[in-house]
Amino acid sequence: MLETNKHIEQKDFVLSVEGLTVSFDGFKAVSDLSLYVEEQEIRVIIGPNGAGKTTVLDLICGRTKATEGSIKFKGKELTRMNEHQIVHAGIGRKFQTPSIYEDLTVFENLELSYPRGRNVWGALTFRRDQQVIDKVIEIAEMIFLADKLDMSADLLSHGQKQWLEIGMLLIQDPELLMLDEPVAGMSVSERQQTAALLQKITKDRSVLVIEHDMQFVADIADRVTVLHQGKVLSEGSMERVQNDPKVIEVYLGH
Amino acid sequence: MNFIAHLFARYQLSHMLILALLLIVVLPLSMDIFRLNLIGKYLTYAFVAIGLVLCWGYGGILSLGQGVFFGLGGYCMAMFLKLEASSPENTAIQTTPGIPDFMDWNQLTELPWFWEPFHSFGFTLLAIILVPAFFAFVVTVAMFKRRVGGVYFAIITQAVAAILTILIIGQQGYTGGVNGITDLRTLHGWDIRTDEAKYILYFVCVALLFVCLFIGKYVINSKLGRLLVAMREREDRVRFSGYDVSAFKIFIFCLASVFSAIGGAMFTLQIGFMSPTFVGIVPSIEMVIFCAVGGRLSLLGAVYGALLVNAAKTSFSESFPELWLFAMGALFIGVVMAFPNGLAGVWTTYIEPRLPARLRSPVPPSTIPAVAVTTTAETSSTPSANPTVEHRHAGN
């Protein structure tokens, strides 16, 4: 009886992280962490510096290998997969500092992220057909860069670079989108535009966000997970988390 | 007409034509066969330099061991030619007739097994491509799957070059040792030492060089070319866009090694011998210098770099033999410090903008379709608004 229940539960979660532990030379950056993300949920992870937030994302996307535990994405075990296989499974990751190709144009940045021709032969024979061009333009309009397609990406402002990277993820059409501090270093107006952008792009997918800006968190989060020293300290709605005495003590109170 | 114009832009055919004119018409008409044969030798290094443009300039993989592949190609060709030169009639005075002379001197009494297939010219041609490609594949799989990169990879390629040199010198009976494989005479009965043969081999060499140039251009213009640039900057981002980065690195390195091997084989044919002096660390680094001087982002620049540096080396080392190595080092440092994009960079930044408009190179090909589909592209299609794209296409 218990087993069937568990089975049904897992089906509802896009991502289920269980007993995840990673230790670097004995230091446990993430310790026995469990986390479940539902379909179309926007989950925000907050926590003080060094709480292991970025490490959790690194573990999910395969950049860091877990010492123990399991990460299941739509029933697939991710801990044994390579980064690019995890991407093919449907997970997109945005880094904390804008990670784009500055020697290439905005168009080329988006085109390279288009999910076709991903092996050597495919890349050699890739054709820039109307389908690719249409998709690139569609995404560029979404991320407010439609008039900058031919601009070299290093000439973009910091906020525009962040958008470009988000666009590069969107063009992959991932089912789970992971964003590491998407509004860090943005101006107020850019921040509002980003919030609107996130609302728009999160309709058909689940999103895992790390963010420090509490107003922004309150704006977008369905649920919030608070990490502290590699463990889940508290979880629930923003309101509940904000009023949790444990959270206030380690984080919000300061 | 449109199609031709497109091809012109895509492959920079105008620049290709100038080089072709120089190599096929101007130089053969203005030089005697001795000098032309020297040019042919320089061009064999240009194959290596083209490969380095792809793997170092675009892919960011610095190899200080390209001599290894140059040597493998050259030795494959030399083994075939040596076997033909060592017919039982030619070697009747040896203790064991029918095997290469250096084997006889080293008390070998039969041909080693790995020499046997080199009786066949077809096998030899395949081996010139496949042996270096396989070797490059093994080395790069071992390195790139483990994510060894950058300076560590460069050091390992140096070690490989050193190891192969020591192996060749040490196994004298099998390889001809430090002298290499010498006294090569005929190819299927065709004497390769005559002036006429040297002319023909020179033109074969030029033709193959252009084949490699076109392959290189195709790769650079393909999405794979842009991926290489992307990987050079943000390897992680490429990985998280769903690409297996190591596969691309392995591919481009193998391609570069095959180019080098073709150069090596043409060297053997034109010069008539192959020795470990073209395999080791010093020649490998010299090849990187040819590429850097020519411009590591320009295939054609690499050809000019190989020609000019070697021509300078020949004339300079005739007059000041002991100073040459210092001059070469100074040249490398100077170029890297002052002109990181080499001669091609000097051309595109300083010379080309001063030319009349119709002589300038066309708009970089990768931006053409994008310009066509956006309405607000006017601002960015002017060269000044787009300096990095310009740089990237610093081909001439």
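Is it the case that A:Thr225 is part of a strand (DSSP E or B) and either at positive phi or open to solvent by less than 10 Å² (accessible area, probe 1.4 Å) (or both)?
Spelling it out, A:Thr225 is indeed part of a strand (DSSP E or B) and either at positive phi or open to solvent by less than 10 Å² (accessible area, probe 1.4 Å) (or both).
Consider the range B:264-276. How many of its residues are assigned to a helix (DSSP H, G or I) and either within 14 Å of chain A (Cβ to nearest Cβ) or on the phi > 0 side of the Ramachandran plot (or both)?
0
Being at pLDDT below 95 and open to solvent by 30 Å² or more (accessible area, probe 1.4 Å) narrows it down to one of B:Pro88, B:Pro100, B:Pro28, B:Pro112, so name that one.
Exactly one residue qualifies, and that residue is B:Pro88.
Does the range A:46-58 include one or more residues that are buried (at least 16 other Cβ atoms within 10 Å of the Cβ), modelled with pLDDT under 90 and touching a helix residue (DSSP H, G or I) at 6+ places or on another chain (Cβ under 6 Å)? Yes.
Filtering the range A:100-119 to residues that are open to solvent by 10 Å² or more (accessible area, probe 1.4 Å), under 21 Å from B:Phe251 (Cα atoms) and within 7 Å of another protein chain (Cβ to nearest Cβ) leaves A:Pro115, A:Gly117, A:Arg118, A:Asn119. Listed by first and then second residue, the pairs linking a residue in the range A:131-151 that is without any contact (Cβ under 8 Å) to a residue 40 or more places away in the chain to a residue that is open to solvent by 40 Å² or more (accessible area, probe 1.4 Å), with Cβ atoms under 6 Å apart and 6 or more places separating them unless they lie on different chains, are A:Ile133/B:Val373; A:Asp147/B:Thr376. B:Asp236 meets all of the listed conditions (1) more than 21 Å from the chain's Cα centre (by Cα); (2) surrounded by 18 or more Cβ atoms within 10 Å (Cβ to Cβ); (3) at the interface with chain A (Cβ under 10 Å from one of its Cβ atoms) but one, namely (2). Among the conditions (1) open to solvent by less than 10 Å² (accessible area, probe 1.4 Å); (2) closer than 20 Å to B:Cys212 by Cα, B:Leu62 misses just one, which is (1). Within the range A:181-222, can you find the residues that are surrounded by fewer than 21 Cβ atoms within 10 Å (Cβ to Cβ), touching a residue at least 40 places away in the same chain (Cβ under 8 Å) and not in a helix (DSSP H, G or I)? A:Glu181, A:Ala184, A:Thr202, A:Lys203, A:Asp204, A:Arg205, A:His212, A:Asp222, listed by residue number. When B:Phe326 is tested against (1) on the phi < 0 side of the Ramachandran plot; (2) modelled with pLDDT of 90 or more; (3) open to solvent by 10 Å² or more (accessible area, probe 1.4 Å), exactly one condition is not met: (2). Pairs linking a residue in the range B:280-291 that is closer than 13 Å to B:Val336 by Cβ and touching a residue at least 12 places away in the same chain (Cβ under 8 Å) to a residue that is open to solvent by 10 Å² or more (accessible area, probe 1.4 Å) and part of a helix (DSSP H, G or I), with Cβ atoms under 6 Å and 6 or more positions apart or on different chains, are B:Ile289/B:Phe332.
A:Lys76 fulfils the conditions (1) open to solvent by 10 Å² or more (accessible area, probe 1.4 Å); (2) within 12 Å of chain B (Cβ to nearest Cβ); (3) in contact with a helix residue (DSSP H, G or I) (Cβ under 7 Å, 6 or more places away or on another chain) except for a single criterion, (2). Scanning the range B:172-186 for residues that are among the aliphatic types (A, V, I, L, M) and surrounded by fewer than 17 Cβ atoms within 10 Å (Cβ to Cβ) turns up just one, B:Val178.
Filtering the range B:208-232 to residues that are surrounded by fewer than 17 Cβ atoms within 10 Å (Cβ to Cβ) and facing another protein chain (nearest Cβ under 9 Å) leaves only B:Tyr218.
Scanning the range B:251-263 turns up one or more residues that are part of a helix (DSSP H, G or I), more than 16 Å from B:Gly57 (Cβ to Cβ), more than 9 Å from chain A (Cβ to nearest Cβ) and open to solvent by less than 10 Å² (accessible area, probe 1.4 Å). Just a yes or no: is a residue in the range A:20-29 among the charged types (D, E, K, R) and part of a helix (DSSP H, G or I)? No. Of the residues in the range B:353-360, not one is within 14 Å of chain A (Cβ to nearest Cβ) and modelled with pLDDT under 75. Which residues, taken from the range A:90-99, are surrounded by 24 or more Cβ atoms within 10 Å (Cβ to Cβ) and at the interface with another protein chain (Cβ under 7 Å from one of its Cβ atoms)? Scanning the range A:90-99 gives a single hit, A:Arg93.
The values are calculated or read from the model by the stated rules, or taken from the named source; none is laboratory data. These numbers come from a predicted model, not from an experiment. FYI the Cβ positions are ideal-geometry reconstructions off the backbone, even for glycines, and counts take in every protein chain you see. Surface areas here come from the heavy atoms of the whole protein model, side chains and all, with no ligands, DNA or RNA. Shrake-Rupley method; radii C 1.70, N 1.55, O 1.52, S 1.80 Å.
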